[in-house]
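Peer 1: The structure that follows is given in the form of structure tokens.
Rule-based calculations on the coordinates, nothing more; no lab input. Small disclaimer: the values here were computed from a predicted structure and weren't measured. Cβ sites come from the backbone with ideal geometry, for glycine too, and all protein chains shown count toward neighbours.
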Amino acid sequence: MHPLLKFFHVAGVVLWVGGMFFAWVCLRPVAAAQLPPPQRLCLWAGVFARFFPWVGGAVLAILLSGLVALAGVGLQHSPPYWHAMLLLGLVMMAIFVYLLLWPYAALRRAVAAQDWPVAGAALARIRQLVGINLALGALTIAVATVGPLLG
């Protein structure tokens, strides 16, 4: 992979997976412990409004750099672990698009309407999906780093 493509690929992964780790492991428990539901839900709506556009850019960078690298060697000649990374990445991207278009949209609408039970349910669904994507992201990183060792 060309060094510039590799930079955009890795930078996108760091931003996306690192951001999910921070949100899941650091921000979520503190927000839950220190803020009442209306404030917590407003905080998350604001955090996501700033984070998700960055994730969208990261997704594009990861997808485009990966596809360019794959096109450079051909699908038949690429290592098997590239295929695994592509599959995992596409699943993660599909989950992100779903999260963005449905649970996050519901969260934004509910927070704007101050419908805290609906906002709480939407946030719970987002939390589940982020947890799944965080696990898939960790697995993808493992595949990317261990895959070359396996041949």
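Peer 1: Quote the charge dipole size of the chain about the Cα centre in Debye, to the nearest 20; the model charges only the Cβ of Lys and Arg (+1) and of Asp and Glu (-1).
Peer 2: The dipole magnitude comes to about 280 debye.
Peer 1: Tell me what the chain gives for mean residue ellipticity at 222 nm when only DSSP H runs of n ≥ 4 count, each as -39,500 (n - 2.57), the sum divided by the residue total, rounded to 500 deg cm²/dmol.
Peer 2: Values: 6 runs with 130 residues, N = 151.
Calculated mean residue ellipticity at 222 nm is -30000 deg cm²/dmol.
Peer 1: May I pose another question? Exposure proxy check: LEU4, LEU107 ranked by fewest other beta carbons within 10 Å?
Peer 2: LEU4, LEU107
Peer 1: Using the Karplus curve 6.51 cos²θ - 1.76 cosθ + 1.60 with θ = phi - 60°, work out ³J(HN,Hα) for each residue of segment 107-119 in order, rounded to whole Hz, and write x for Gly and Pro.
Peer 2: 4, 4, 4, 5, 5, 4, 8, 6, 9, 5, x, 5, 4
Peer 1: For the chain, take N as its residue count and report Rg(C-alpha) divided by 2.2 N^0.38 Å.
Peer 2: 1.17
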